[in-house]
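Here's the structure, in structure tokens; my notes come after.
A short reminder: the numbers here are calculations on the coordinates, not readings from a lab. Every value quoted in this text rests on a predicted model; they were computed, and no experiment measured them. As a convention, Cβ positions derive from the backbone with ideal geometry for all residues, glycine included, and neighbour counts pool all protein chains shown.
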Amino acid sequence: MIQKAGIACNVAVVGAGFAGLTAGVRAAQGGRKVLVFEKSPEEFYLCNSRLTGGVFHVALNDIFSDEEMLERKIMDITGGAAKRELARAIARDTKRVVSWLQGFGVRFIRASPDPWHSRVLAPPAIAQLGRRWQGRGGDALLRTLETELKKVGGEIRRGHRAHQLRRESDRCVGFTGVTANGQEFEVTAQATILADGGFQADPERLRGPITPAPEKVVQRNAGTGTGDGLRMAQAFGAAITDLNAFYGHLLSRDALSNDALWPYPWVDLLARSCMVVGSDGRRFADEGLGGTYIANQIARLPDPASSTVVFDQAGWDGPGTERFLPPNPNMIKAGGTVFKAKALPELAKLAGISEAGLLSEVESYNRALKLGTLEQMSPARTTSLCKPYAIEKAPFYAIPLAAGITYTMGGIAIDECCRVLRTDGTVIPGLYAAGNTTGGMEGGEKAGYVGGLCTSTVTGFRAGEHIVGALAT
Ligand SMILES: Cc1cc2nc3c(=O)[nH]c(=O)nc-3n(C[C@H](O)[C@H](O)[C@H](O)COP(=O)(O)OP(=O)(O)OC[C@H]3O[C@@H](n4cnc5c(N)ncnc54)[C@H](O)[C@@H]3O)c2cc1C
């Protein structure tokens with residue numbers, strides 16, 4: 001029988017993204033022996049942190065805003081689905097974590113006059129199409145965190161995939177796993193932190209709660225979040241939050257087969273300002289709630305590759321040109337389909353939409369817009385978050401859509417110290433979770449998006465800090 005390699009440390013972290021490395025550095029700063037286990041053997045292993053756009057915000061607000069306001073926003077956009085104590089932790093600690101990172105020389109820039117673009121990782125990743133992550137903000141921060149980890153005696157073990165948690169009575173005492181060379185290993189640790197990044201890249205986990213057809217949803221992510229932490233925690237008796245929402249954007253449907261079309265350009269601003277219809281020409285979602293909400297609704301359709309955003313020249317020249325790498329002109333540059341026609345019947349034919357359905361829906365929408373009754377439409381159309389545009393002056397445009405999933409919002413249930421909870425609400429001793437593998441900060445009916453960077457770094461930071469205190473006693 002081949003022996004498992006035995007590895008011992010105080011703190012074992014599963015996953016070397018921002019959550020895992022923040023936790024690792026913080027715990028090692030407190031004098032603990034930390035090992036971070038990363039499944040990829042690559043020096044510059046891909047993960048969502050490496051691909052990030054780098055905008056540190058809290059629910060699309062400046063991280064330095066009033067803490068009570070930020071907490072309220074988190075509770076509002078999640079319809080109360082967020083755990084109050086986690087919302088408070090994010091509202092309070094994001095600025096603390098950003099200052100801590102700045103202490104390592106991590107640089108931020110202001111990317112636009114919008115208050116929530118005031119802290120963007122430098123050099124910015126959102127300046128060019130494609131996934132050019134080398135040397136950009138996410139890559140730079142991962143390298144900095146690894147350097148800092150080494151300075152305080154920690155280390156990343158690449159090519160080590162965690163597989164199963166180890167138990168001694170009710171306590172987690174580490175895990176077993178397999179290296180990229182097929183060697184089994186066994187880790188013994190006083191504290192284990194699951195930080196494996198979510199389950200967005202596991203089609204079977206997505207099928208059902210997120211979408212009936214995962215193959216028709218674009219993987220707008222590194223492909224590394226395969227739900228290992230969720231599976232391991234569940235097998236150990238951990239509670240799991242709702243798994244039915246994700247953070248993502250609206251992409252060209254061509255992104256299902258053309259990698260040049262993700263992560264940008266996204267079509268969110270056009271969609272929330274104009275109209276999204278199914279192949280019957282009818283609206284099916286409240287566009288005014290924004291891109292992440294619409295993307296979740298599209299993913300849930302019986303056929304997630306059947307929706308189209310429709311707008312006219314004013315939309316194309318207005319919201320079509322706003323924010324980073326906008327669809328006008330980048331969609332065309334990157335090879336995405338943009339239909340253009342002098343009249344709506346011709347547009348419907350080009351886009352494969354029911355002509356009768358589209359004509360009647362556009363008429364009702366334009367009428368409601370003029371009368372100020374958009375909020376009474378079915379489905380309702382929220383108007384408080386952005387200005388709705390009429391669809392009335394030729395030429396008319398249509399872009400076939402797909403939902404792009406970046407990360408899943410639900411996951412392992414944790415308390416405010418990032419300790420993993422059992423289904424009865426008690427803590428599992430020795431087990432923590434951080435980053436997008438956790439749940440309880442985002443989601444709800446309207447897929448409320450709080451921010452992947454604030455949630456992953458704050459939970460990592462808090463897990464690391466709590467472990468230092470807990471192991472001292
Ligand atoms: C294109 C893109 C743009 C984004 N832009 C923004 C933005 O502007 N603002 C914002 O707030 N958020 C943004 N995000 C989200 C943000 O980057 C993520 O939420 C955050 O980086 C997640 O960190 P994490 O550590 O939880 O996960 P990850 O960075 O994915 O790290 C998880 C790591 O765990 C490893 N792993 C998985 N399973 C195992 C296992 N069994 N054993 C060992 N290792 C394992 C993976 O290989 C991976 O390296 C963006 C994401 C993407 C993809």
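For the Cα atoms of the chain, what angle does the longest principal axis make with the long axis of helix 67-77, in degrees from 0 to 90, nearest 10?
The angle comes out near 60 degrees.
Using just the Cα positions, wrap the chain in a convex hull and report its mean projected area in square nanometres, one decimal place.
Seen from a random direction, the Cα hull of the chain projects 22.0 nm² on average.
Going by average Cβ neighbours within 10 Å, how do the peptides 334-345, 427-438, 22-33 rank, with the highest at the top?
Highest mean packing first, the order is 427-438, 22-33, 334-345.
Which one of Trp262, Val420, Ala127 has its Cα pushed farthest toward the positive end of the charge dipole of the chain, where Lys and Arg give +1 and Asp and Glu give -1 at the Cβ?
Checked the options; the winner is Ala127.
If you average the alpha carbon positions of region 1-27 and of region 372-421, how far apart do those two centres end up, in angstrom?
37
Using only DSSP helix segments of four residues or longer, with each worth -39500 (n - 2.57), what per-residue ellipticity at 222 nm results for the chain after dividing by its residue count and rounding to 500?
-9500 deg cm²/dmol
Taking +1 at the Cβ of each Lys and Arg and -1 at the Cβ of each Asp and Glu, which of Thr308, Ala402, Asn330 sits farthest along the dipole of region 249-405 towards its positive end, judged by Cα position relative to the Cα centre?
Asn330
With r as the distance between the Cβ atoms of Asp242 and Lys340 and R0 = 30 Å, compute the FRET efficiency 1/(1 + (r/R0)^6) and round to 0.05.
That gives a FRET efficiency of 0.15.
Expressed as an acute angle from 0 to 90° and rounded to the nearest 10, what is the orientation of the C-alpha long axis of helix 355-371 relative to the principal long axis of the chain?
Between helix and principal axis, roughly 90 degrees.
Regarding region 244-336, what's the average projected area of the Cα-atom convex hull, expressed in nm²?
The orientation-averaged projected area of the Cα hull of region 244-336 comes to 5.8 nm².
With an 8 Å cut-off on Cα pairs and a minimum separation of 6 or more residues, tell me the relative contact order of region 169-291 in percent.
16 percent.
Once the Cβ-Cβ distance between Leu371 and Thr147 is put in as r, and R0 is 51 Å, what FRET efficiency do you end up with, to the nearest 0.05?
0.25
Within a 10 angstrom radius of the beta carbon, how do Glu71, Glu416 rank from fewest other beta carbons to most?
With the sparsest Cβ surroundings first, the list reads Glu416, Glu71.
Nothing charged except the Cβ atoms of Lys and Arg (+1) and of Asp and Glu (-1): what's the magnitude of the dipole of the chain about its Cα centre? Round to the nearest 20 debye.
The calculated dipole for the chain is roughly 780 debye.
Label-point separation (nm) for Lys349 and Ser99, each offset 7 Å from Cα along Cα-to-Cβ?
In this crude label model, Lys349 to Ser99 measures out at 6.5 nm.
With only Lys, Arg, Asp and Glu charged, each at its Cβ (+1 for the first two, -1 for the last two), find how big the charge dipole of region 1-97 is about the Cα centre; round to the nearest 20 debye.
So the magnitude is around 380 debye.
Any chance you could list the semi-axes, whole Å, largest first, of the equivalent ellipsoid that the Cα gyration tensor gives for region 126-265, using √(5λ)?
Semi-axes from the Cα gyration tensor: 30, 23, 13 Å.
Contour minus end-to-end for Thr176 and Val427, with contour as 0.36 nm per residue of separation and end-to-end as the Cα-Cα distance?
88.2 nm
Using the 10 angstrom Cβ neighbour count as an exposure proxy, how do Ile414, Ile405 rank, fewest first?
Neighbour counts put them in this order, fewest first: Ile405, Ile414.
Sort Asp312, Asp268, Asp66, Asp76 so that the residue with the fewest other Cβ atoms within 10 Å of its own Cβ comes first and the one with the most comes last.
With the sparsest Cβ surroundings first, the list reads Asp66, Asp76, Asp312, Asp268.
Pull out a ≥ b ≥ c, the square roots of the eigenvalues of the alpha-carbon gyration tensor of region 249-405, then state rounded if a/c is under 1.5, prolate if not and a/b is larger than b/c, and oblate in the remaining case.
Rounded shape, in that the Cα axes give a/c under 1.5.
What are the lysines whose alpha-carbon lies under 18 Å from the alpha-carbon of Lys150, with same-chain residues fewer than 8 places away excluded?
By straight Cα distance, Lys150 reaches Lys33.
Could you work out how much longer the chain between Gln134 and Ser364 gets when fully extended? Use 0.36 nm per residue separation minus the Cα distance between them, nm to one decimal.
Stretched fully, the Gln134-Ser364 segment lengthens by 78.0 nm.
Straight-line reach only, C-alpha to C-alpha below 12 angstrom: list the aspartates and glutamates that Lys340 could link to, leaving out same-chain residues fewer than 8 apart.
Excluding near neighbours in sequence, the set is Asp312.
Specify the angular offset, from 0 to 90 degrees and rounded to the nearest 10, of the alpha carbon long axis of helix 137-151 from the longest principal axis of the alpha carbons in the chain.
10
Give me Rg/Rg_expected for region 34-99, where Rg uses Cα atoms only and Rg_expected = 2.2 N^0.38 Å with N residues.
After normalising by residue count via 2.2 N^0.38 Å, the value is 1.42.
With the cut-off at 1.5 for a/c, could you classify region 362-461 from its C-alpha gyration tensor as rounded, prolate or oblate?
Here region 362-461 falls in the prolate category.
Sketch the reach of a paramagnetic label on Ala260 as a point 7 Å from Cα along Cα-to-Cβ, and name the residues of region 320-339 whose backbone nitrogen lies under 18 Å away.
In region 320-339, the label zone of Ala260 (backbone N under 18 Å from the point 7 Å along Cα→Cβ) covers 325-339.
Lysines near Lys446 by alpha-carbon distance under 16 Å, same-chain residues fewer than 8 away left out - which ones?
Partners found: Lys73, Lys83.
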